[in-house]
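I have placed the structure first, in the form of structure tokens, so that the comments after it can refer back to it.
Coordinate-derived values only; no laboratory data. Since this is a predicted model, take the numbers as computed values, not measurements. In this analysis, Cβ positions are derived from the backbone assuming ideal geometry, glycine residues included, and neighbour counts consider all displayed protein chains.
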Amino acid sequence: MLPAMAHGGDLIADVLARHGASHLFALCGGHISPILTGCQNKGIRVVDVRDEANAVFAADAVARMTGNIGVAAVTAGPGVTNMATALKNAEMAQTPMIVFGGSTATLLKGRGALQDIDQLSIMKPMTKWATMVKTVPALAPTVERACQVAMEGVPGPVFIEVPVDLLYPEEIVRTWYEKEAGMGKAKGIGAKALELYIKGHLYRQFRAPVLPDVHLPDLSLGKLGNDAALDKAAAAFRAAQKPVIVVGSQTMVGVKDPGRLARALGMLGAPVYLAGTARGLLGRTHELQLRHNRGAALKEADCVVVCGFPFDFRLGYGRGISKKATLIAANLSPTELKKNRRPEIAVEMHAGDFLVALSDRVSSAGDSWRGWVEQLRASDAKRDTEIAKKAQPAGELVDPLHFFLRMEEAMADDAVLVVDGGDFVATASYIVRPRAPLSWLDPGVFGTLGVGGGYALGAAMVRPGREVWLIWGDGSSAYSLSEFDSYVRHGVAPIAVIGNDASWAQIAREQVEILGTTLGCDLRRTDYHKVAEGYGGVGLVLTDPNRVDSTLAEAKAIAKGGRPVCINVHLRKTDFRKGSISI
């Protein structure tokens with residue numbers, strides 16, 4: 001066996017390792033192979049998947065759950081375009097990550113080489129920074145800056161296009177060029193000129209000075225936060241009679257000590273609604289945490305603090321908050337701070353740091369809001385009771401409300417929840433409670449179906465030994481059910497639950513009501529559990545409501561034994577979410 005030669009993949013891996021990258025998710029391709037081997041040599045675990053999108057979804061999950069950058073690598077052309085949706089999902093969710101895209105050799109760009117397309121024009125609108133490296137000496141500085149860009153300011157993904165001839169050792173690249181050009185065989189002035197050009201190109205490619213070739217983005221930031229704005233926010237908050245705090249995903253980005261934020265919310269003492277990745281920040285049953293009737297609370301509140309959450313459709317574009325309330329917002333994005341509605345007090349800073357600074361100024365003023373908290377908690381409890389009464393344990397097939405009520409009791413105290421679907425997932429959100437900080441993964445504002453397989457893989461990698469529950473709709477499951485193969489090969493054991501109602505139910509509810517047809521919404525009660533079995537997992541089918549508890553217990557035992565399991569839950573039709581809007 002020949003000794004391994006240093007190459008561009010090693011240079012990339014050196015930088016990633018210094019920045020704490022733990023995993024590289026990829027689907028193999030000749031354009032990127034040295035990145036995989038370089039990462040393995042540096043102790044970064046290489047996890048290969050069955051679809052490029054799932055590599056990016058898995059890297060997204062790692063970034064959200066660890067506070068470090070997520071990393072993925074995909075091959076050129078269709079490898080890049082296949083993962084575009086996942087990358088845009090990460091950009092809208094403000095997830096810090098780096099995606100390496102392979103490309104044809106520098107000398108062949110634009111000449112009709114295999115899989116050669118203009119990748120940067122596709123990637124630029126979907127990323128915080130998209131760039132191509134042109135020389136080997138520029139590799140490390142570019143990746144170094146990419147790590148900074150992904151994490152600083154408003155976080156987001158970075159795309160780096162790396163031509164294949166920058167990744168392999170110089171000796172190998174030289175033989176490629178010599179073979180392609182027929183060097184040493186062709187005669188005449190033209191052939192000699194081509195040989196000289198190629199030799200010069202190779203010299204520049206491997207020995208060029210770094211700076212002229214690295215076009216770095218501006219990282220200058222505006223002034224983030226200030227004592228005057230924080231003091232003003234604290235005064236308004238202290239004066240409130242009915243304050244409400246809304247905490248969104250951006251609050252958790254880059255956070256490695258979520259307990260610090262949870263303690264700050266506890267000190268503030270006001271009622272809290274958690275959204276997106278922030279779900280679970282206060283555990284399962286914190287006295288300040290509310291889950292239902294957020295809209296009514298925001299209409300009644302006289303002071304609303306919105307942390308790391310834009311005024312988009314989820315907050316009625318800002319109109320969902322009473323006009324009489326003092327609106328305080330903290331966000332890293334100056335655009336999101338004032339989009340659709342201008343807060344009375346806008347603080348441009350990390351929303352997590354804002355919460356800590358606010359609690360330092362307000363301290364235990366929450367005692368005066370005990371009556372307000374109890375009022376909202378009573379409303380929450382009433383809604384929980386209403387939902388429980390709607391559950392119908394008996395009958396043909398399985399009632400989704402009854403199933404989730406039992407699953408909520410069955411899940412471990414440290415379980416991680418991944419959700420990917422429409423009607424079934426939305427039903428779960430009323431009942432299932434995230435257990436701990438950074439233990440809930442949903443698509444985010446893009447509402448992407450297909451995140452589940454990759455998210456569950458990433459979560460299982462960074463939370464070894466913990467239960468990972470993947471809640472799939474039957475429609476969304478087909479996007480990434482093939483990742484059961486990856487679970488088996490890499491030794492992780494998520495528990496996937498597929499709500500099988502033979503329908504794209506979230507769409508059908510509105511479509512039937514408005515257009516009178518289920519056209520395009522009908523599926524079959526497919527044996528999804530057998531698909532999982534075919535990939536090496538364990539499949540369970542649940543049609544009898546009397547077997548819900550025993551099936552959940554069986555699935556937990558199988559997963560604990562190290563095998564991924566898929567529960568195919570045949571659902572009966574319900575009108576629980578009648579009138580829900582899916583557009």
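Would you mind checking which residues have amide H under 5 Å from Met132's amide H? H placed 1.01 Å from N; only 5 or more apart, or other chain.
Long-range HN contacts for Met132: Glu161.
Stokes-Einstein at 10 °C, 1.306 mPa s, Kirkwood radius from Cα pairs: D for the stretch 534-581 in µm² s⁻¹?
D = 127 µm²/s.
Please list the equivalent ellipsoid semi-axes of the stretch 374-425, computed as the square roots of five times the alpha-carbon gyration tensor eigenvalues, in descending order and whole angstrom.
In descending order the semi-axes read 21, 18, 12 Å.
Can you give the calculated 222 nm mean residue ellipticity of the chain, where each DSSP H run of n ≥ 4 adds -39,500 (n - 2.57) and the sum is split over every residue, rounded to the nearest 500 deg cm²/dmol?
Helices in the chain give a 222 nm mean residue ellipticity of -12500 deg cm²/dmol.
If you place +1 on the Cβ of every Lys and Arg and -1 on the Cβ of every Asp and Glu, how big does the dipole about the Cα centre of the chain come out, in debye to the nearest 20?
Dipole magnitude for the chain comes out near 760 debye.
For the chain, what does the relative contact order come out to in percent, with C-alpha contacts under 8 Å and a separation of six or more?
12 percent
Spelling out what I want: for every residue of the stretch 122-136, take phi, set θ = phi - 60°, compute 6.51 cos²θ - 1.76 cosθ + 1.60 (Karplus), and round to whole Hz; glycine and proline get x.
Along the stretch 122-136, the couplings run 7, 7, 4, x, 10, 9, 6, 7, 10, 8, 10, 8, 10, 9, 4 Hz.
Check which residues have an amide H placed less than 5 Å from Val47's amide H, if you skip close sequence neighbours.
Under 5 Å from the amide H of Val47: Leu24, Phe25, Ala26.
Going down the table (Lys382/Lys573; Lys299/Lys578; Lys339/Lys578; Lys390/Lys530; Lys232/Lys339; Lys128/Lys323), which pairs top 27 Å between alpha carbons?
Pairs exceeding the cut-off: Lys339/Lys578; Lys390/Lys530; Lys128/Lys323.
Answer with a single label: of (i) 1.18; (ii) 1.66; (iii) 1.06, which was calculated as Cα Rg over 2.2 N^0.38 Å from the structure in view?
(iii)
Quick one: Karplus J couplings for the stretch 229-238, per residue in order, coefficients 6.51, -1.76, 1.60, θ = phi - 60°, nearest Hz, x for Gly and Pro?
So the J values, rounded to whole Hz, are 5, 5, 5, 5, 5, 5, 5, 5, 5, 4.
To the nearest 20 debye, what charge dipole does the stretch 227-377 have about its Cα centre, counting +1 at the Cβ of each Lys and Arg and -1 at the Cβ of each Asp and Glu?
500 debye
What is the sum of charges around Tyr528, taking Lys and Arg as +1, Asp and Glu as -1, for the other residues whose C-beta is under 14 Å from the C-beta of Tyr528?
After counting each charged neighbour, the total is -3.
Amide H of Ile98 versus every other amide H placed in the peptide plane: which residues, excluding those fewer than 5 positions away on the same chain, fall under 5 Å?
For Ile98, the qualifying residues are Gly70, Val71, Ala72, Val158.
Cα centroids of the stretch 403-445 and the stretch 296-332: how far apart, whole angstrom?
Result: 25 Å between the Cα centres.
Take peptides 565-574, 164-173 and line them up by average Cβ neighbours within 10 Å, highest first, as a rough protection proxy.
The peptides rank, most packed first, as 565-574, 164-173.
What list of ³J(HN,Hα) values in whole Hz, one per residue of the stretch 286-292 in order, does the Karplus curve 6.51 cos²θ - 1.76 cosθ + 1.60 (θ = phi - 60°) give from phi, with Gly and Pro shown as x?
4, 5, 8, 8, 10, 10, 10
Rank-order 484-490, 553-559 by packing density, defined as the average count of other C-beta atoms within 10 Å over each peptide's residues, highest first.
Top of the packing list down: 484-490, 553-559.
Would you please give the FRET efficiency between Asp231 and Arg284, computed as 1/(1 + (r/R0)^6) with r the Cβ-Cβ distance and R0 = 35 Å, to the nearest 0.05?
0.50
So for the chain, taking the charge dipole from beta-carbon charges (+1 Lys/Arg, -1 Asp/Glu), which of Pro78, Leu327, Val154 sits furthest toward the positive end?
Value computed over the given set: Leu327.
Taking the chain as the reference, fit the longest principal axis to its C-alpha atoms, fit the long axis of helix 84-93 to the helix C-alpha atoms, and give the angle between the two in degrees, 0 to 90, nearest 10.
So the inclination is approximately 50 degrees.
Once the piece of chain linking Thr385 and Arg45 is laid out straight, how much longer is it, given 0.36 nm per residue of separation minus the C-alpha distance between them?
The span from Thr385 to Arg45 would gain 117.8 nm if fully extended.
Calculate how steeply helix 370-390 sits against the longest principal axis of the alpha-carbon atoms of the chain, using the helix alpha-carbon long axis, and give the answer as 0 to 90 degrees to the nearest 10.
With both axes taken from Cα atoms, the answer is about 80 degrees.
Distance from the Cα centre of the stretch 457-480 to that of the stretch 120-152, in angstrom?
That distance is 29 Å.
Under a plain spin-label model, where a point goes 7 Å from the Cα along Cα-to-Cβ, how far apart in nm are Ser429 and Gln375?
2.6 nm
If you count, for each residue, the other Cβ atoms within 10 Å and average over each peptide, how do 154-163, 394-403, 542-551, 431-440 line up from highest to lowest?
154-163, 431-440, 394-403, 542-551
Where does helix 139-151 land angle-wise versus the long Cα axis of the chain, in degrees 0 to 90, nearest 10?
Helix 139-151 sits at roughly 10 degrees to that axis.
Pairs of alpha-carbon atoms within less than 8 angstrom and 6+ residues apart define the contacts here; what relative contact order does the stretch 1-63 have, in percent?
38 percent
Pairwise over distinct Cα atoms, reciprocal of the mean inverse distance: report the Kirkwood radius of the stretch 32-135 in Å, one decimal place.
Answer for the stretch 32-135: a Kirkwood hydrodynamic radius of 14.2 Å.
Over the stretch 227-377, consider all pairs of different Cα atoms and compute the Kirkwood hydrodynamic radius from their mean reciprocal separation; express it in Å, one decimal.
14.9 Å
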